[in-house]
Amino acid sequence: MLLKLKRFSKETDIKELCRLAIKNGANRAEIINAGLIVVDERVQLKCRYPPCPFYGKNLMCPPYTPSAKEFREYVAKYKHAILVQFEAPIEEEIKKRIKSEEAKLAELAKDMEFFEKAERELTKGWKKLHAIVSSVEREAFRKGYYLSLGLVSGHCRLCDTCNPKSPCKKPLEARPSMEALGIDVYQTAKNAGFKLEWGTNELITCLGLILID
């Protein structure tokens, strides 16, 4: 009887955490079985080829994060997770530019004014996702799930610059992305019933994950 009560309590707790994510701005938050999380070494390979500008230059990115093989072992110890989706509209000027027929990432990156403006928009979305994930992780800890771990998307943007040769300036806030740990975000989201579209020019879509046990 006590065992059944404990299971019900945990399920209730996680549902409350999903509601908290929605309350704090998430468009969607779903409880998933941790077994649906796909970890693949090739994801970390993509951090290196084509070379990501943050590889080796951000403490929350490879090679400073655990390897995919290591992280797969960590994930196996969890039973539950919450997958969070946050969406934000793309600013009209940026949307118009990336929708143009001649738009190519390599060419857009050369336009520093455009690149910096797009980076500011991405940073706003990232910080909102980070705030949502952090709030859920913090509340999970308060509920007694002290091994909970929140993960975001993309490189850490808490500081304007990161010096990987020095200790993290915001160790209590900084979290790696799912990709940095080798999670195949697309396949994981698909397994969980989320529909993601490649190359959408209408919305910035960010996914976060909170491991709970």
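Among the candidates I31, I14, single out the residue that is under 22 Å from the mean Cα position of the chain (by Cα), at pLDDT 95 or above, under 19 Å from L147 (Cα atoms) and not in a helix (DSSP H, G or I).
Exactly one of I31, I14 is under 22 Å from the mean Cα position of the chain (by Cα), at pLDDT 95 or above, under 19 Å from L147 (Cα atoms) and not in a helix (DSSP H, G or I), namely I31.
Any chance you could count how many residues in the stretch 154-184 are assigned to a helix (DSSP H, G or I) and touching a helix residue (DSSP H, G or I) at 6+ places or on another chain (Cβ under 6 Å)? So that I can check it myself, show each step before the final result.
Of all residues in the stretch 154-184, those assigned to a helix (DSSP H, G or I) come to 179-181.
With touching a helix residue (DSSP H, G or I) at 6+ places or on another chain (Cβ under 6 Å) added as a condition, the list becomes 179, 181.
Total satisfying the criteria: 2.
Within the stretch 1-8, does at least one residue satisfy the condition of being at negative phi, in a helix (DSSP H, G or I) and in contact (Cβ under 8 Å) with a residue 24 or more places away in the chain?
No, every residue in the stretch 1-8 fails to be at negative phi, in a helix (DSSP H, G or I) and in contact (Cβ under 8 Å) with a residue 24 or more places away in the chain.
Looking only at residues in the stretch 120-143 that are free of Cβ contacts under 8 Å to residues at least 40 places away in the same chain and either touching a Phe, Trp or Tyr at 6+ places or on another chain (Cβ under 8 Å) or not β-branched (V, I, T) (or both), which one is farthest from L83 (Cα to Cα)?
Taking the candidates together, the pick is R120.
Within the stretch 124-158, work out how many residues are within 21 Å of I183 (Cα to Cα), of a type in the set (A, V, I, L, M) and surrounded by 22 or more Cβ atoms within 10 Å (Cβ to Cβ).
The total comes to 6.
Answer yes or no: is there a residue in the stretch 26-39 that is more than 22 Å from K127 (Cα to Cα), surrounded by 15 or more Cβ atoms within 10 Å (Cβ to Cβ) and charged (D, E, K, R).
no
This table checks each residue for (1) out of contact with any Cys (no Cβ under 6 Å at 6 or more places or on another chain); (2) over 22 Å from A29 (Cα atoms); (3) surrounded by fewer than 21 Cβ atoms within 10 Å (Cβ to Cβ); (4) acidic (D, E).
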residue	(1), (2), (3), (4)
D160	yes, yes, yes, yes
E173	yes, no, yes, yes
E179	yes, no, no, yes
D184	yes, no, yes, yes
Q187	yes, no, yes, no
N191	yes, no, yes, no
L203	yes, no, yes, no
L207	yes, no, no, no
L211	yes, no, no, no
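So how many residues does the stretch 154-213 have that are farther than 17 Å from G125 by Cβ and of a type in the set (S, T, Y)?
Within the stretch 154-213, residues that are farther than 17 Å from G125 by Cβ and of a type in the set (S, T, Y) number 4.
When only residues in the stretch 167-190 that are over 16 Å from the mean Cα position of the chain (by Cα) and not basic (K, R) count, which is farthest from E16 (Cα to Cα)? Show your work before the answer.
The initial filter retains those residues of the stretch 167-190 that are over 16 Å from the mean Cα position of the chain (by Cα), namely 167-172.
Next, only the ones that are not basic (K, R) stay: 167-168, 171-172.
Details: P167: 35, C168: 31, P171: 27, L172: 23 Å.
Looking at residues that are over 16 Å from the mean Cα position of the chain (by Cα) and not basic (K, R), I get P167.
Output the residues belonging to the stretch 169-213 that are on the phi > 0 side of the Ramachandran plot and without any contact (Cβ under 8 Å) to a residue 24 or more places away in the chain. Spell out how you get there, then give the answer.
From the stretch 169-213, those on the phi > 0 side of the Ramachandran plot are 182, 193, 199; that's our starting set.
Within the stretch 169-213, G199 is the sole residue that qualifies.
The values are calculated or read from the model by the stated rules, or taken from the named source; none is laboratory data. The shown structure was predicted, so the numbers you read here are calculated from the model rather than taken from an experiment. As a convention, Cβ positions derive from the backbone with ideal geometry for all residues, glycine included, and neighbour counts pool all protein chains shown.
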